[in-house]
Amino acid sequence: MIQEYIAIFLLIMSWVFIIFGMVAIFKLKNLYTRILSAATIDTVGSLTILIALLIANITSYEYVVRFILLIGFLIITNPISSHVNIRSAFLTGVPIKRIYHEAQKQKKDEKAGELNA
């Protein structure tokens, strides 16, 4: 009974992590920080989901072994995949620069116009 409540709480927390991570992807200004945020969403969200499933199925030995193997696989492969993505972006010459939204571009252009006048 308590296992179900813990599993439900972990599933809700995983969705909170995923939602905040998606917001961060749209709000961050740099491609590299966006990739880092996506990797964090992927790692933390999937790990909390797998731990919730592990706790929900703790009575079945087969599922416990499978979930532990999946958790180990994710812990090993997710940082490697995000590193490969960031390194390939850096090696292909993606500049480390801020990505401005339209409102920020207008403010920047207005400020530059005031300085030139």
- prompt: With each label point set 7 Å from Cα along the Cα-Cβ vector, what nm distance links TYR63 and ILE19?
  reply: 2.6
message: If I model a spin label at GLN3 and ARG34 as a point 7 Å from the Cα along the Cα→Cβ vector, what separation in nanometres do I get?
response: 4.2
- prompt: So how do ILE55, ILE80, ILE19 line up by other beta-carbon neighbours within 10 Å, fewest first?
  reply: ILE80, ILE19, ILE55
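We did not get these values from a lab; they are worked out from the coordinates using the rules stated. Keep in mind that this is a model prediction, so the values were computed, not measured. For neighbour counting, all protein chains shown are included, and Cβ atoms are generated from backbone atoms with ideal geometry for every residue, glycine included.
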